[in-house]
Amino acid sequence: MTLLENTKKVAKLRGRSLSNVALQAGLSEKAIYLWDKNSPRSETLQKVADVLDVSTDYLLGRTNQMNSYSSKDKATDLENTTILAFDGKPIDEEDRQKLLQYARFIMQEREREGR
C-alpha cells in the first residue's frame, strides 16, 4: 500500500476524514491528498502520524505495528489513561488502581519474555 492509502485506512479506522486529519495537523485541508504525487516532509508526516496515533513507519508501510512506543512510554500512557466505566458501570478509584497494577504486571511479564 502507498503512504496515501495507509493514511486513508488509518483515518477511516479512527472515524476521521483526511481533510479533518490534515487540519488537525496544521496542514491545508487537501494536503494529504497530494501525497500520491509528492512525498511529504518528515515533519509533516510526523504531525499526521501524531494526529492518527500511529508511527510514521506504519504510515510508510515499513511495519505492521501501528505504534512503536517503548515500554516506558506505554507505562506513562497507561498512567494517563482514564478508565471511567466497565460493562456500563462506573469504576471507582480503588478498582482503577487495581486494574492499572494488573496492566503493569502484564507489561512487565511481556517485556521479561521478550514480547
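The values are calculated or read from the model by the stated rules, or taken from the named source; none is laboratory data. What you see is a predicted model, and the numbers here were worked out from it, not measured in a lab. Using ideal geometry, Cβ is built from the backbone for each residue, glycine included, and neighbour counts are taken over all protein chains shown.
Applying the set (1) out of contact with any helix residue (DSSP H, G or I) (no Cβ under 6 Å at 6 or more places or on another chain); (2) more than 14 Å from residue 3 (Cβ to Cβ); (3) surrounded by fewer than 15 Cβ atoms within 10 Å (Cβ to Cβ) to residue 19 leaves exactly one unmet item: (3).
Within the stretch 1-41, track down each residue that is small (Gly, Ala, Ser) and in a loop (DSSP other than H, G, I, E, B). Correct list: 15, 17, 25, 26, 28, 39.
The set of residues in the stretch 28-57 that are buried (at least 19 other Cβ atoms within 10 Å of the Cβ) and within 10 Å of the chain's Cα centre (by Cα) comprises 49, 51, 52, 54. Identify the residue in the stretch 76-103 that is surrounded by 11 or more Cβ atoms within 10 Å (Cβ to Cβ) and touching a strand residue (DSSP E or B) at 6+ places or on another chain (Cβ under 9 Å) and, among all such residues, is modelled with the lowest pLDDT. Of everything passing the filter in the stretch 76-103, 91 is modelled with the lowest pLDDT.
Selection over the stretch 7-16 of residues that are surrounded by 12 or more Cβ atoms within 10 Å (Cβ to Cβ) and within 15 Å of residue 58 (Cβ to Cβ) gives a count of 6.
Among (1) farther than 30 Å from residue 107 by Cα; (2) out of contact with any Phe, Trp or Tyr (no Cβ under 7 Å at 6 or more places or on another chain); (3) in contact (Cβ under 8 Å) with a residue 12 or more places away in the chain, there is one condition residue 3 misses while meeting the rest; what is its number? Exception for residue 3: condition (2). Only one of the numbered conditions (1) assigned to a helix (DSSP H, G or I); (2) at pLDDT 80 or above; (3) of a type in the set (D, E, K, R) is not met by residue 73, and that is (2).
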